Amino acid sequence: MRDALNILFTASEAVPFAKTGGLADVAGALPKALEQIGHNVVVVMPRYYSIDRSKLEHIPGPLGVPMGPMGTLWAGVFKGTLPGSDVPVYFIDYEAFYGRSGLYADENGFSYEDNDKRFIFLSKAAFELASKIDFKPDIIHSHDWHTAIQPILQKSRYAFDERFKDAATILTIHNLQHQGHFFKGAVDVMEVGWERFNPHELESMDGVNFLKGGIAAADAVTTVSRKYAREIQTPHFGFGLEEHIRAHSHKLYGILNGVDYSEWNPAKDRYIAKNYDIDDLSGKAECKRELQGRFGLPEFHDVPLVGFVGRFAEQKGIGLIAQTVERLVHLGIQFVMLGTGEKWAEGFFSDVSARYPDNFGCHVGYSEELAHKIEAGCDLFLMPSLFEPCGLNQIYSLRYGTLPVVRATGGLDDTIVNYDPATGEGNGFKFHDATADALYNTLKWAVETYRYEKDAYRTMQKRGMEARFGWEESAKAYEDIYLHAIYKKAAEKHR
Ligand code: ADP
Ligand code: GLC
């Protein structure tokens with residue numbers, strides 16, 4: 001067996017402690033999978049207001065975090081573990097930054113103005129915490145813009161620190177749309193040196209761009225699917241960073257996320273009306289009935305029921321759904337949506353449900369329970385994303401025998417194989433153009449397949465339920481990248 005690696009893993013959210021999206025699913029699962037293949041992982045995240053301190057262990061003594069002109073700020077530290085594992089999670093407790101109702105924005109959706117400081121603080125706190133608990137990382141693994149400056153910190157502020165100087169840095173991009181763009185004064189708070197403020201590193205339009213700087217400094221950059229790793233090198237998906245990413249493409253890799261099947265398994269799911277599995281799908285009909293009831297829809301067993309769960313954000317294709325929804329309900333289907341986000345969408349879809357109470361239901365809010373019920377109770381699951389770095393719901397859908405209807409982008413394209421009526425192959429339905437017509441025609445095709453090609457539908461359903469996108473394989477792919485980064489770094493040092 002290889003030597004165990006020490007991995008310092010910092011994320012702004014992790015299941016089950018705090019979640020706004022898939023990043024939390026990854027940060028709650030990948031460290032466990034890394035532990036299972038023999039590594040030592042320490043997870044660091046903020047102690048948000050919603051995380052109950054009384055259930056955590058208090059680590060005595062304050063943690064000093066240097067913040068440039070703001071001086072040293074002193075935080076508390078609490079400790080928990082990722083459920084079902086021994087992976088420690090250290091919570092950085094600093095009321096002035098994290099004692100708020102939201103993770104990144106207030107209840108009206110406005111980003112907190114001090115987000116630069118909040119996440120520079122988290123990024124540095126992880127280094128200080130490692131010193132405090134005497135953890136010497138071989139790998140510093142950062143996620144999205146929130147902790148993207150860690151690779152820069154390792155190469156500047158902590159470059160001569162024995163504990164960190166040989167660590168290899170990995171930055172995972174879960175979503176390139178959010179880059180952490182702030183006033184340039186943040187460079188002083190980072191304490192990384194103004195020489196890094198140049199168009200090849202931190203500078204962007206006279207401000208700082210955390211993700212850009214991180215991409216330049218990291219020893220390896222990963223994204224959460226192969227297709228997305230290619231897409232972000234093009235203007236359409238690059239959000240202005242495509243050239244920068246192309247310049248660093250020699251160290252860019254795509255690794256598909258796994259799924260935590262201990263949470264997402266219809267045979268054991270605690271939230272659904274009746275458990276079921278591949279050998280006996282009768283429980284799924286029960287789940288459908290219950291779901292129809294929850295949304296006040298008539299409980300017809302043979303009406304195609306389509307589901308959507310996700311953030312109401314442009315990324316998720318909610319604009320396309322809004323343009324098509326009236327035509328869709330006229331297909332004689334039922335459609336249920338769960339999500340929160342853009343206010344226009346919350347209002348728009350609630351209004352549609354008032355007008356078509358027998359065909360359309362919308363629940364505005366965040367509900368783990370309802371998300372599981374939708375996966376289990378629906379016949380088809382819609383994800384018309386404009387871009388999708390990985391996407392998790394289509395993978396959950398496969399496991400629940402709910403055929404995905406997706407736009408062919410990013411991880412959706414990598415995981416879903418289009419139905420081929422000639423051969424019967426496939427596990428779902430895909431369209432390419434980001435247009436209302438393409439969505440409509442493909443969903444119509446899926447509905448017709450459900451109605452009139454029952455055998456083909458069943459075969460695909462079973463194929464999807466059998467497939468596994470476990471974390472073990474992904475964890476091994478990360479391990480390869482960690483080892484490669486360490487090797488490359490050592491080779492450079494001796495050059
Ligand atoms: P993203 O991270 O871009 O939001 P993903 O598909 O990777 O997209 O992950 C989204 C995760 O958040 C999934 O686990 C999904 O079930 C969950 N989720 C999103 N919105 C809601 C909601 N309103 N209620 C419950 N779960 C939700
Ligand atoms: C992001 C992406 C999503 C991905 C998730 C976890 O939020 O939008 O596609 O699955 O991160 O990596």
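The values are calculated or read from the model by the stated rules, or taken from the named source; none is laboratory data. Source: prediction; values computed, not measured. Every residue, glycine among them, receives a Cβ derived from its backbone with ideal geometry; neighbour counts consider all protein chains shown. When the accessible area is computed, the model is the full protein with side chains, heavy atoms only, and any ligands, DNA or RNA have been set aside. Shrake-Rupley method; radii C 1.70, N 1.55, O 1.52, S 1.80 Å.
Every residue, every condition in (1) modelled with pLDDT of 95 or more; (2) open to solvent by less than 30 Å² (accessible area, probe 1.4 Å), yes or no:
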site	(1), (2)
F335	yes, yes
E342	no, no
F348	yes, no
F360	yes, yes
V364	yes, no
K373	yes, yes
L380	yes, yes
**Asked** Going by the structure shown, is F387 out of contact with any Pro (no Cβ under 6 Å at 6 or more places or on another chain), in the same structural domain as I321 (by TED's automatic domain parsing) and within 16 Å of ligand 1 (Cβ to nearest atom)?
**Response** yes
**Message:** Residues to consider are G424, G410; find the one that is surrounded by fewer than 16 Cβ atoms within 10 Å (Cβ to Cβ) and of a type outside the set (F, W, Y).
**Reply:** G424
**Filter result (away from ligand 2 (no atom under 16 Å from the Cβ), assigned to a loop (DSSP other than H, G, I, E, B) and closer than 22 Å to Y158 by Cα) within the range 169-215** = K184, G185, E191, V192, G193, F197, N198, H200, E201, L202
**Request:** Considering only the range 294-312, state which residues are open to solvent by 20 Å² or more (accessible area, probe 1.4 Å), of a type in the set (A, V, I, L, M, F, W, C) and near ligand 1 (Cβ under 10 Å from one of its atoms).
**Result:** V309
**Message:** For the structure I just gave you, tell me whether D455 is exposed (fewer than 15 other Cβ atoms within 10 Å of the Cβ) and in the same structural domain as G401 (by TED's automatic domain parsing).
**Reply:** yes
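Could you pull out every one of the helices (runs of 4 or more DSSP H) wholly within the range 407-495 that has 1 or more residues that are over 25 Å from the mean Cα position of the chain (by Cα) and in contact (Cβ under 8 Å) with a residue 24 or more places away in the chain?
436-452, 454-466, 471-493
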**Fill in**
Given (1) within 16 Å of ligand 2 (Cβ to nearest atom); (2) closer than 18 Å to E286 by Cα; (3) crowded, with 24+ Cβ neighbours inside 10 Å, N393 misses just (2)
**Request:** Specify the residue that is farthest from A477 (Cα to Cα); the eligible residues are those in the range 218-240 that are open to solvent by 10 Å² or more (accessible area, probe 1.4 Å) and not in a helix (DSSP H, G or I).
**Result:** G240
**Item:** Count - residues of the range 76-104 that are open to solvent by less than 30 Å² (accessible area, probe 1.4 Å) and under 22 Å from the mean Cα position of the chain (by Cα)
**Value:** 12
**Asked** Within the range 1-54, can you find the residues that are without any contact (Cβ under 8 Å) to a residue 24 or more places away in the chain and away from ligand 1 (no atom under 16 Å from the Cβ)?
**Response** D3, D52, S54
**Message:** Please determine whether any residue of the range 123-140 is over 18 Å from L63 (Cα atoms) and of a type in the set (F, W, Y).
**Reply:** no
